[in-house]
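Trainee: First the structure, then my questions, so here it is.
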Amino acid sequence: MNPSKQTLGWMYQTMVTSRIFETTIEKIYMEGKSPVFNMANGPIPGEMHLSNGQEPVAVGVCAHLGPEDIVTATHRPHHQAIAKGVDLDRMTAEIFGKATGLSGGRGGHMHLFDPAVNFACAGIIAQGMGPAVGAALSRKMQNKPGVAIAFIGEGAANQGAFHEAMNLAAVWKLPMICVIEDNAWGISVAKAAATSVTRNDVRAAAYGIPGHYVAGNDPWKIYEVAGQAIARARAGDGPTLIEVETYRLAGHFMGDAEGYRPKGEKDGLFAKDPIPAMRKRLEADGTFTAAELDAMQAIADATVQAAIRFARDSAEPRPEDALTAVFA
Amino acid sequence: MNPSKQTLGWMYQTMVTSRIFETTIEKIYMEGKSPVFNMANGPIPGEMHLSNGQEPVAVGVCAHLGPEDIVTATHRPHHQAIAKGVDLDRMTAEIFGKATGLSGGRGGHMHLFDPAVNFACAGIIAQGMGPAVGAALSRKMQNKPGVAIAFIGEGAANQGAFHEAMNLAAVWKLPMICVIEDNAWGISVAKAAATSVTRNDVRAAAYGIPGHYVAGNDPWKIYEVAGQAIARARAGDGPTLIEVETYRLAGHFMGDAEGYRPKGEKDGLFAKDPIPAMRKRLEADGTFTAAELDAMQAIADATVQAAIRFARDSAEPRPEDALTAVFA
Amino acid sequence: MENERKLTIARAMAEAMAQEMRLDPTVFVMGEDIAQLGGVFGNTRGLADEFGTDRVRDTPISETGFISAAVGAAMDGMRPVVELMFVDFFGVCFDAIYNLMAKNIYFSGGNVRVPMVLMTSTGGGYSDAGQHSQCLYGSFAHLPGMKVVSPSNAYDAKGLMTAAIRDNSPVIYMFHKGLQGMGWLGTEAAANVHVPEDAYEVEIGKAAITREGTDVTIVSIAMGVHHALKAAKVLEAEGISAEVVDLRSLVPLDRDTVRASVRKTGRLIVVDEDYHSYGVSGEIIATVCEAGDITLKAAPRRIAYPDVPIPYARGMEQFCLPNPEKVAAAAREVCRTTVSA
Amino acid sequence: MENERKLTIARAMAEAMAQEMRLDPTVFVMGEDIAQLGGVFGNTRGLADEFGTDRVRDTPISETGFISAAVGAAMDGMRPVVELMFVDFFGVCFDAIYNLMAKNIYFSGGNVRVPMVLMTSTGGGYSDAGQHSQCLYGSFAHLPGMKVVSPSNAYDAKGLMTAAIRDNSPVIYMFHKGLQGMGWLGTEAAANVHVPEDAYEVEIGKAAITREGTDVTIVSIAMGVHHALKAAKVLEAEGISAEVVDLRSLVPLDRDTVRASVRKTGRLIVVDEDYHSYGVSGEIIATVCEAGDITLKAAPRRIAYPDVPIPYARGMEQFCLPNPEKVAAAAREVCRTTVSA
Ligand SMILES: Cc1ncc(C[n+]2csc(CCOP(=O)(O)OP(=O)(O)O)c2C)c(N)n1
Ligand SMILES: Cc1ncc(C[n+]2csc(CCOP(=O)(O)OP(=O)(O)O)c2C)c(N)n1
Ligand SMILES: [Mg+2]
Ligand SMILES: [Mg+2]
């Protein structure tokens, strides 16, 4: 299963959008946070988990999805949200804590909800597993189309919720897929120190379902493996477990000194940055010209800058509105 | 690894003790509960989960254990407690809610604690998994001998705690073994309706550890497989996952009408009752004479009757002592 | 009246679910042993026969899995009614409840609905020991984002279940085992009352004055209401007139009804089978005392479960539990004492 | 005095652990990111270097697994100090905490000990949103079998940690992120106080009168104590003398100290960063009102977190949080009002 030219263009442009979004957010996050770094300050307070380096997973999977499909994401949700088509203006406004944000500033960067494209995320490790299973169950019971993807980190595969949800999806043969982004680290703890198996795809055997491991953070391979799993789910053949090797180019969150990384690891990762790599390949195999790719980059940049502007220009929520929207 | 004659005698006698204990308890439990069955009444109130049929698992595993080894059991703990050497008098008194009980009547049949033989149990599904891992960790850190066995039901293998504990035991290579008693049912829910794999031993692959399935509720085979796993653990080679096919001859708890069982299932089970089967084989292969086996049965019976007498004759706890022993 | 149909709470709950399932195809029920077995406490009996095991589905013993799945289904347009067999088991799945189910509406700024009911059994009294006998009312009511109800009788049981299923927000529906109408749990007969056949709602958040009185207000919920009513009867013979307030709902809490009653009687007793400290009993007392316009004739009292795990032995458990005698004794005391003003 | 050694709470906690680890080989520390990283909130910094990663061990993200493992280790003679990174995560592992750790002593009739400490971070104020900013004091304090402490300053932090590690019963040790002395969390400087180098214990279950006063008692814990102290300073200038009670421990609760203070001042304000209803604030008010011998000059007041999930946006979060201004305003009100007796 090879991505079409159009899909490849979408994948590249989406990866670039995500990257530009994050490098822009990264800078803005630091506003008001120097000389003293205090999370509480600046236009974007609180924790900030960047996903740069992990874009291939988001686009390789979401290239197969429509708005009706469901994605549950994690505390590191930007790349997935962007790939799923979450309204970038309102998402950015949410990250700025503005009244125009997806939830009017109640959620913040770890709680982005866009029901229009069936996207949700959460700050608790593996918490999205069950909701993805439930959405898949809902579709199956209602005989409605749609698959549900739960993205988690490799560290989350050691959480009980992972096990319960996978078993449930398998027993009920639901159109659900768990995609594990293996970025080798759960904050400061290396995968090998936390996980009793080298690759989480082998855990599929515990549920009698297919398991796949994709090495190399490669958008093409991710696209292919995800495509098969999603087709399988749409055909009513049940869940799949996919683990993808990817790289976290930034710290766990902003402010992380990353002292736990072995020396030189970061340099190695930057050398493998998937965005220049994809660009190189797209140019080399003649899919797109440099000019076309530059144009995509320009569109991505404009999209992000517009979203930032929207967010900056939006009004703060009324403080007392904190007391509203508890119940539906 | 074949059990010695002495071990076989212990195994048989322990199985018979457990069986006589349960049939006796079964009768006493009904005292005061007719004509109207009300759990609150009689000398033994509350829920009562019988283990008859499942004795081979308890003796096949515990034959390899000494008092220093750790067992965490479940809501269905009698056979395991007896096989582990829990003080039967005080255990019985606890089930009668007496002051002389293992915890002076505070725990009851689902909360039997005998620190002298490192036995504990719990009423929450899979709750004993973590404590077994922790006891194994304690031994490893202190360089003290001992393995920890967590007994659970096949239904418990779908609980998150199972997954987290197995991964932890494997990552830390601890002397811990999980023994799953597969009695085909979790209350009224059949294994196939709850579990995405036919046999839970395949889940060992999710932790990179050995997994074994023992068919036929066979004390000899259980002894052998458990023996290998325990030797492995004692040698420092880490955990094992074992599932044993066994049979629940009674209802889930007393009062269960068992309407969910397919017709004829119970008859089939009684035909496979492991105690007469073991007796037959021990006689047939000349290990013990009928008279010897009768003598064991008589000892078992006397042991149980003495425990019942002890419990019946013991004083009730003082009601106000309910307020004591909250803190150590 | 004599010929009016009486139901147990268990049957009233099942009837409400069945009626809503007939009306609304998105309603479904899920939990352990709720299909073929009809629920360990009888409250889903008959549903699998009528609606099939697709809509009435047994689950694995994976509370985190299926409760968080219910949240996902609810966000996707379904109306799940989920059972946590004993409330005591909330510890294995509380993240799915308090941190997910209860918060997603807020996190979405009200843009998603989470129309689900989590029903769970509470209560002791039959020696089921420390992991099967708790009420934990306070543990749920303390945390924002979920409504919390608990009926004391079958009429309320049906009406609250109907209201809960129709609610677009998550509702915790706590049913006390001793009121279920299951003989094997030694059921309280007074919970079996007339239940109309047609569907109706009991408003979530409205307390009921179950008995009017003038000397002392006894506030409680679920089983405690029956203790209060029995005490009130005894007290009446002694010339003490007790008003009994059945909260029915802890979230929202009908503070107005509680305050109005105490404003009238000047005396307050709270009966709570949940643990004593940091729970329902303290909240009700604080609600009255902080009002500022209520003059108490005696210090408020609470009959609650002491702060100890629930013991197995009958004598010990009964020593700890609230009962009509304890309530009556407290009422006598507060009616004797008068605060020197 | 000027030259006395001051520590942050984070360092005081680490020092207590290190000293106990030197004394007692059974003490060990376990949690996520506590070894090489030294704890996300700095409270285990340096321990892995001194004691190695066998005794200071990073865990997988498996809170149920490692907390229940700690219970097993504690029952087997070890003294684990375990970290739950944010208290907000308690939902994924509460069974291991409230139903296992807290109950095994009782279930065993006192025949086993469970000497373990569960330390966990609490509190908001820096826009970490609804799953990383809660206090949940009441959720832990409500359930029997675990002691619950929370220091407001480094002296108490060290002494309570030492006492907790030496205790044979489980202790929940809650540290407020805003008091940790981690600059990136905008720390409260007044929490950094003199800490003696030698090991010492602060008794679990004893409140402290942090400031004496005569007009109003302000009861709080952890961060709330600093709000109270700041308010007291402002009030002093206005002629209102506030007494500040730092509970330090919620279980056991030092009801005597609270009551004695209110008996003296006649007025009560509770400051609680945990949710308003069914929690700490209600319990403290009830404790005073049910005493029977305390005449209040004004209705008790509470400044607590409203019953809503914690919002992300700065303005919304600050609107909800207790702060010195809200405390001072409430104090002015209660000191103006006098209950008509
Ligand atoms: C239940 C729970 N435990 C711990 C945390 C704290 N935490 C946040 S992110 C994280 C690491 C997650 O690692 P991984 O799943 O690999 O995702 P990554 O951060 O690498 O994307 C941890 C431990 C949490 N949010 N929830
Ligand atoms: C967390 C939790 N969920 C549900 C229950 C109720 N429950 C008690 S026993 C049981 C069935 C257990 O099945 P299995 O593990 O196979 O053990 P068995 O009863 O067959 O021995 C259930 C669901 C419980 N005690 N704890
Ligand atoms: Mg990771
Ligand atoms: Mg079973």
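Values quoted throughout were computed directly from the atomic coordinates according to the rules given, and no laboratory measurement underlies them. Nothing here was measured: the structure is a model prediction, and the numbers come from that model. Cβ sites come from the backbone with ideal geometry, for glycine too, and all protein chains shown count toward neighbours.
Trainee: Using a label position 7 Å from Cα in the Cα→Cβ direction, what is the ascending list of nm distances from residue C:325 to the same site in the other copies?
Mentor: 5.7
Trainee: For residue D:36 paired with residue C:203, estimate the spin-label separation in nm (one decimal), with each label point 7 Å from Cα along the Cα-to-Cβ line.
Mentor: 6.0
Trainee: If you don't mind, another one. Roughly how many Å is it from the Cα centre of segment D:248-289 to that of segment C:67-131, as a whole number?
Mentor: Here the answer is 31 Å between Cα centres.
Trainee: I've got another one for you. What spacing in nm lies between the two simple spin-label points modelled at residue C:50 and residue D:295, each 7 Å away from Cα in the Cβ direction?
Mentor: 6.2
Trainee: Taking every DSSP beta bridge with both residues inside the protein assembly as shown, roughly what % is antiparallel (nearest 5)?
Mentor: Around 15 percent of the beta bridges assigned by DSSP in the protein assembly as shown are antiparallel ones.
Trainee: Same structure, new question: Positive end of the charge dipole of segment C:6-194 (Lys, Arg +1 and Asp, Glu -1 on Cβ, about the Cα centre): tell me which of C:182, C:23, C:43 has its Cα farthest that way.
Mentor: Of the options given, the answer is C:23.
Trainee: In a Gaussian network model over chain D where Cα atoms closer than 10 Å are linked, find which of D:199, D:237, D:73 has the largest mean-square fluctuation.
Mentor: Maximum fluctuation in the GNM of chain D, among the listed residues, is at D:237.
Trainee: Related question: On alpha-carbon atoms, Rg over Rh for the protein assembly as shown using Kirkwood Rh?
Mentor: Computed over Cα atoms, the ratio is 0.96.
Trainee: Sorted from shortest, what are the nm distances separating the label point of residue C:77 from equivalent points in the other copies, each placed 7 Å from Cα along Cα to C-beta?
Mentor: Result, one decimal in nm: 6.2.
Trainee: Hey, another quick one. Once the label point is placed 7 Å from Cα along Cβ, list for residue A:67 the distances to the corresponding points in the other copies, in nm, shortest first.
Mentor: 7.2
Trainee: With each label point set 7 Å from Cα along the Cα-Cβ vector, what nm distance links residue D:23 and residue A:4?
Mentor: 7.3
Trainee: Classify segment D:114-167 from the C-alpha gyration tensor, please: rounded if a/c falls under 1.5, else prolate or oblate depending on whether a/b exceeds b/c.
Mentor: Oblate, because a/c is 1.5 or more while a/b does not exceed b/c.
Trainee: Another question, then. For the rotation taking chain B to chain A, which residue of B has the Cβ nearest the axis, and how many Å away is it?
Mentor: Residue plus distance in Å, as requested: B:160, 1.
Trainee: Decide, for segment B:5-313, between rounded, prolate and oblate: order the square roots of the alpha carbon gyration tensor eigenvalues as a ≥ b ≥ c, take rounded if a/c falls under 1.5, and otherwise choose prolate if a/b is larger than b/c, else oblate.
Mentor: rounded
Trainee: Could you work out how far helix D:280-289 tilts from the main Cα principal axis of chain D, as a 0 to 90 degree angle to the nearest 10?
Mentor: That works out to roughly 50 degrees.
Trainee: Figure the gain on full extension for residue A:235 and residue A:318 (residue separation times 0.36 nm, minus the Cα-Cα span) and round it to one decimal in nm.
Mentor: Length gained, residue A:235 through residue A:318: 25.1 nm.
Trainee: Mind checking the angle between helix C:63-75 and chain C's longest principal axis? C-alpha axes, 0 to 90 degrees, to the nearest 10.
Mentor: 80
Trainee: Please list the three semi-axes, largest first and in whole Å, of the ellipsoid equivalent to segment B:203-328, using sqrt of 5 times the eigenvalues of its alpha carbon gyration tensor.
Mentor: Computed over segment B:203-328, the values are 32, 27, 22 Å.
Trainee: Using only Cα atoms, locate the centre of segment C:132-203 and the centre of segment B:150-209, then give the distance between them in Å, rounded to an integer.
Mentor: So the separation of the two Cα centres works out to 35 Å.
Trainee: For the residues D:148, C:195, what sequence is obtained by ranking on other C-beta atoms within 10 Å, fewest first?
Mentor: Lowest to highest Cβ neighbour count: C:195, D:148.
Trainee: Check the straight Cα-Cα distances from residue C:264 and name the lysines below 18 Å, setting aside those fewer than 8 residues away within the same chain.
Mentor: By straight Cα distance, residue C:264 reaches C:297.
Trainee: Among the lysines, which have Cα under 16 Å from the Cα of residue B:144 when same-chain residues fewer than 8 positions away are ignored?
Mentor: Excluding near neighbours in sequence, the set is B:173.
Trainee: Eight or more residues apart or on different chains, and alpha-carbon atoms under 21 Å: count the Lys pairs in segment D:140-246 matching that.
Mentor: Lysine pairs meeting both conditions in segment D:140-246 amount to 6.
Trainee: Roughly how tilted is helix D:255-265, in degrees to the nearest 10 and between 0 and 90, from the longest Cα axis of chain D?
Mentor: Tilt relative to chain D: about 20 degrees.
Trainee: Can you give me the C-alpha center-to-center distance between segment B:292-328 and segment B:1-39, rounded to a whole angstrom?
Mentor: So the separation of the two Cα centres works out to 14 Å.
Trainee: Under the rule a/c < 1.5 gives rounded, and otherwise a/b versus b/c splits prolate from oblate, where does segment B:135-259 land using the Cα gyration tensor?
Mentor: prolate
Trainee: Then there is this: What ranking of B:22, A:224, A:283 emerges when the number of other C-beta atoms within 10 Å of each C-beta is taken as an exposure proxy, fewest first?
Mentor: Exposure proxy ranking, most exposed first: A:283, A:224, B:22.
Trainee: Arrange B:177, C:204 by Cβ neighbour counts within 10 Å, fewest through most, would you?
Mentor: C:204, B:177
Trainee: Let me ask you something else. Assuming 0.692 mPa s and 37 °C, estimate D for segment C:208-336 with Stokes-Einstein, Rh taken as the Kirkwood radius over Cα pairs, in µm²/s.
Mentor: 228
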